[in-house]
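The values are calculated or read from the model by the stated rules, or taken from the named source; none is laboratory data. Every value quoted in this text rests on a predicted model; they were computed, and no experiment measured them. Cβ coordinates were reconstructed from backbone atoms using ideal geometry, including for glycine residues, and neighbour counts include every protein chain displayed.
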Amino acid sequence: MKRAIKLTLAVALMMSATSLFAQKFGRINTQEIIMNMSETKEMQTTLESFAKELQDQVESINVEFNNKRQEFQKNYNTYSESVRQLKEKELYELQQRLEDYSQVAQQDYQKRQNELLAPIVEKARAAIDKVAKANGFMAVFDISTGAIAYFDEATLTDLAPQVRAELGITETPAAETTSK
């Protein structure tokens, strides 16, 4: 009786161990995939244009400030005390406006970047999910986040070529071409 239980347990353990080894695990560098998507290139162009608009506005305020400061310095001795104080206050307020606008511009840029990046990330994740499900992967590790302390790279399948194909990316990253 004990022998039958031991035999049953041994068979059960072997079956569970076999099913564990039959699971498929994959790896992918999501950041690399996103950087190679055509949508990312479009996003970068849009962000560059947006950044230029913001920079032009900052530059415009800066030019105004510099002109007023030069005028103030040039005419300092001709101003009465009350006019001098008024001009100093005006310069201070303009400098404060420049600093405030610079901070708001940075926040607007970050917000715009996040708005444009969100659908790209979602599209990449959807493609990864589709490829992983279609190929029966139990788990796919994203190596771009550095969340994995150790993994045996030889036992994982790189899904990047299939995800690139799913997304219609034809370029091969430089890192892959030099390692082959």
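Being exposed (fewer than 13 other Cβ atoms within 10 Å of the Cβ), among the polar types (S, T, N, Q), assigned to a helix (DSSP H, G or I) and modelled with pLDDT of 90 or more, is that true of even one residue in region 47-65? There is at least one residue in region 47-65 that is exposed (fewer than 13 other Cβ atoms within 10 Å of the Cβ), among the polar types (S, T, N, Q), assigned to a helix (DSSP H, G or I) and modelled with pLDDT of 90 or more. Scanning region 19-46 for residues that are basic (Lys, Arg) and not in a helix (DSSP H, G or I) gives 24, 27. Against the condition under 40 Å from the mean Cα position of the chain (by Cα) and part of a helix (DSSP H, G or I), how does residue 92 come out, does it pass? When the stated conditions are applied, residue 92 passes them. Considering only residues in region 98-139 that are surrounded by 13 or more Cβ atoms within 10 Å (Cβ to Cβ) and among the basic types (Lys, Arg), the one that is farthest from residue 30 (Cα to Cα) turns out to be 112. When the residues of region 136-180 are filtered to those that are part of a helix (DSSP H, G or I) and farther than 22 Å from residue 39 by Cβ, the one that is modelled with the highest pLDDT is 155.
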